[in-house]
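The values are calculated or read from the model by the stated rules, or taken from the named source; none is laboratory data. The structure displayed is predicted, hence computed values, not measured ones. All Cβ positions, even for glycine, are placed from backbone atoms using ideal geometry, and neighbour counts span all protein chains on display. Surface areas here come from the heavy atoms of the whole protein model, side chains and all, with no ligands, DNA or RNA. Shrake-Rupley method; radii C 1.70, N 1.55, O 1.52, S 1.80 Å.
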Amino acid sequence: MYLDAIIIGAGFSGLYQLYKCRDQLGLKTLVIEEGKEVGGTWYWNKYPGSRCDTESHIYCYTFSEEIYKNWKWKERYPKQKEILSYLKYVERKLSLRKDIIFNNKVISADYLDKKNLWRVKTDKKKVFYCKYLISAVGSLSAANIPNIKGIKSFKGEWYHSGRWPDKKISFKNQKVAQIGTGSSGIQIAPVVAKSAKSLTVFQRTPNYSVPARNRKLTKTFIKNTKESYKQIKNLLTKTPGGHAFKFSKKSIFDFNESKRLEILEKAWLNGGLSFRACFGDITKKLNANKIVSNYIKEKIINIVKDKEIAKKLTDFGHPFTSKRPTLNTDYFETFNKKNVRLIDLKENPIVNITKNGIKTKNEEFKFDKIIFATGYDALSGPILSLNLTGRKNIKLNKYWKNGPITYLGLMIPNFPNFFIISGPGSPSVLTNVPAQIQQHVEWISEFIRYLEKSNSLSVEPEAKEAENWVKKINTLAKKSLFMKAKNSWYKGDNIPGKPKTFIPYPAGLPQYREICNKVRKKMYKGFNISLK
Ligand code: NA7
């Protein structure tokens with residue numbers, strides 16, 4: 001079957017890109033989705049306590065005033081189920097379902113040089129041909145399931161947070177293990193601990209976490225956000241992370257100690273991702289960051305009653321925000337419960353999984369269930385899993401063997417007419433992702449419109465431009481606090497054998513948007529366009 005455009009993935013990016021390609025560019029378009037529903041990340045991440053860390057009134061599309069104003073969010077942070085309902089609502093509103101095929105995983109895509117077409121194959125033996133191939137596979141969709149010896153012998157059930165089964169899972173009276181203490185693990189533990197007989201949390205690296213302070217949205221707040229649609233939409237294009245808060249222009253050193261504390265307390269009580277913005281230099285300067293890192297440490301020590309556990313939970317070794325900042329609801333309080341234990345993997349590493357549980361250096365544990373909250377092969381992983389072969393039989397996994405090479409995070413040399421939404425080389429995971437997605441979809445769509453008008457056969461970035469883009473990202477990252485974390489998935493450290501290079505674009509969404517706009521104004525300088 002021939003199509004003008006194929007989009008892989010029916011999450012936030014795939015749905016909007018389908019609407020753009022089909023309804024605004026008039027292209028015959030198909031979305032191929034592995035899951036059985038729309039939702040992408042929010043289809044798969046059904047784990048207990050799953051909720052977005054970005055506030056609901058901005059974790060949504062802003063391209064349509066009608067869609068924005070017609071949807072009513074319930075709480076400050078949207079639950080997984082609520083986001084899924086929202087995406088289904090958008091899908092219905094734009095009549096997208098008829099152009100999506102579900103339960104089909106793309107297993108390969110090959111560029112046919114002579115025909116200037118992509119051939120896309122799925123695990124259900126379907127084959128499609130298209131001119132434009134667009135990856136909307138998400139940044140955090142390739143689950144990292146650690147290769148721990150003995151996993152196959154485990155008699156109980158085990159789950160990964162990002163591949164959570166559809167069936168209802170009860171932890172009542174169960175002995176549960178949780179491996180991983182990132183954003184997902186921090187959400188899971190307090191919920192599972194409520195019903196489980198016991199919960200044992202295996203921690204490799206302790207994580208800073210700020211209270212989420214979730215709450216029901218008031219009618220006044222909802223009314224105000226709707227009335228401020230235009231201002232909110234505009235604000236999201238101006239802030240570095242595409243969030244609705246601005247960073248303070250003041251340094252922490254502009255204040256004496258008591259005033260600093262007052263500002264920090266206020267931000268802590270407010271909770272949320274904006275905590276890091278209460279001084280302008282927390283995320284930029286190590287000396288300012290140290291003060292705030294210590295402040296968070298003190299807060300945690302005051303919550304956790306057992307001083308030994310508190311010590312383990314706060315033995316950070318990296319600056320606040322150098323790894324993914326997390327939010328929590330009663331995570332640290334959970335360790336005051338009698339049925340919850342913390343195992344520090346640094347002093348007591350896992351040896352293997354047994355048929356009855358987990359064996360560590362110092363102890364053997366019995367478990368009924370194991371939860372892997374062990375994260376993802378972030379950004380490059382989902383794209384590599386597509387098994388792309390570009391021009392002249394060039395394989396993407398070979399081309400990217402030393403790390404992802406893209407120009408603007410949008411296209412790859414040697415892989416003509418292949419676009420990436422929110423992948424490596426773009427601000428992606430360092431932003432409020434729907435804000436970044438919309439910028440990408442709109443830029444890609446304008447580019448396709450231009451290509452179609454120019455009668456183009458194919459387009460790909462110049463190799464030199466892509467090399468410079470990768471260099472630019474690494475130079476920017478070196479100046480940032482991100483590099484102060486010894487291990488982080490921003491740098492590929494969490495996946496054995498993955499190249500160690502900084503993956504997302506680290507200088508913020510407004511700067512990135514400006515660069516993309518300049519390229520467009522200069523008639524897509526840096527891209528080689530071949531005409532019919
Ligand atoms: P993260 O942030 O990558 O967290 C994964 C956690 O799992 C983290 O604590 C890891 O420790 C730990 N981990 C990973 N591999 C192992 C092994 N082999 N053994 C023990 N512990 C391990 O993923 P999340 O799902 O929590 O969050 C990702 C994003 O998804 C989040 O920002 C939301 O947007 C949704 P480490 O720190 O690497 O030492």
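Key figures
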read-out: Within the range 200-241, tally of residues that are under 27 Å from Trp268 (Cβ atoms) and within 16 Å of the ligand (Cβ to nearest atom); value: 12
read-out: Residue match in the range 389-398 (condition: touching a helix residue (DSSP H, G or I) at 6+ places or on another chain (Cβ under 7 Å) and within 16 Å of the ligand (Cβ to nearest atom)); value: no
read-out: Qualifying residue in the range 4-16 (condition: touching an Asp or Glu at 6+ places or on another chain (Cβ under 9 Å), open to solvent by 30 Å² or more (accessible area, probe 1.4 Å) and more than 16 Å from the ligand (Cβ to nearest atom)); value: yes
read-out: Output for the range 350-380, where each listed residue is of a type in the set (A, V, I, L, M) and open to solvent by 30 Å² or more (accessible area, probe 1.4 Å); value: Ile350, Val351
read-out: Where a residue in the range 288-310 is under 18 Å from Asp254 (Cα atoms) and its partner, wherever it lies, is β-branched (Val, Ile, Thr), with Cβ under 6 Å and at least six apart; value: Ala288/Ile252; Ala288/Ile282; Asn289/Ile282; Ile291/Ile252; Val292/Ile282
read-out: Subset of the range 472-487 that is open to solvent by less than 70 Å² (accessible area, probe 1.4 Å) and within 17 Å of Lys285 (Cα to Cα) - its residue that is nearest to the ligand (Cβ to nearest atom); value: Ala485
read-out: Which listed residue is closer than 27 Å to Gln438 by Cβ, open to solvent by less than 70 Å² (accessible area, probe 1.4 Å) and in contact (Cβ under 8 Å) with a residue 40 or more places away in the chain, from Tyr159, Tyr132; value: Tyr132
read-out: Candidates Ile263, Ile252, Ile282, filtered to the one that is among the aliphatic types (A, V, I, L, M) and touching a Cys at 6+ places or on another chain (Cβ under 6 Å); value: Ile263
read-out: Some residue of the range 445-457 being within 16 Å of the ligand (Cβ to nearest atom), in contact with a Leu (Cβ under 8 Å, 6 or more places away or on another chain), more than 15 Å from Tyr407 (Cβ to Cβ) and not hydroxyl-bearing (Ser, Thr, Tyr); value: no
read-out: Condition check for Val201: hydrophobic (A, V, I, L, M, F, W, C) and within 30 Å of Asn289 (Cα to Cα); value: yes
read-out: Considering residues of the range 361-388 that are over 22 Å from Pro496 (Cα atoms), assigned to a loop (DSSP other than H, G, I, E, B) and touching a Lys or Arg at 6+ places or on another chain (Cβ under 9 Å) only, the residue farthest from the ligand (Cβ to nearest atom); value: Asp368
read-out: Tally of residues being within 14 Å of Leu217 (Cβ to Cβ), within 16 Å of the ligand (Cβ to nearest atom) and open to solvent by 20 Å² or more (accessible area, probe 1.4 Å) across the range 60-95; value: 1
read-out: Counted residues, the range 18-54 - those being surrounded by fewer than 22 Cβ atoms within 10 Å (Cβ to Cβ), at positive phi and within 14 Å of the ligand (Cβ to nearest atom); value: 1
read-out: Output for the range 488-498, where each listed residue is near the ligand (Cβ under 9 Å from one of its atoms), surrounded by 15 or more Cβ atoms within 10 Å (Cβ to Cβ) and of a type outside the set (A, V, I, L, M, F, W, C); value: Ser488, Asn494
read-out: Flag for Trp164 being open to solvent by 30 Å² or more (accessible area, probe 1.4 Å) and within 16 Å of the ligand (Cβ to nearest atom); value: no
read-out: Test: residue in the range 334-349 that is outside the structural domain of Gln187 (by TED's automatic domain parsing), modelled with pLDDT of 95 or more, among the aliphatic types (A, V, I, L, M) and surrounded by fewer than 21 Cβ atoms within 10 Å (Cβ to Cβ); value: no
read-out: Ile343 being of a type in the set (Val, Ile, Thr), farther than 24 Å from Glu55 by Cβ and part of a helix (DSSP H, G or I); value: no
read-out: Matching residues, the range 167-205, being open to solvent by 10 Å² or more (accessible area, probe 1.4 Å), closer than 22 Å to Pro325 by Cβ and of a type outside the set (Val, Ile, Thr); value: Gly180, Gly182, Ser183, Ser184, Gln187, Pro190, Arg204
read-out: Selection status of Phe320, assigned to a helix (DSSP H, G or I) and touching a helix residue (DSSP H, G or I) at 6+ places or on another chain (Cβ under 6 Å); value: no
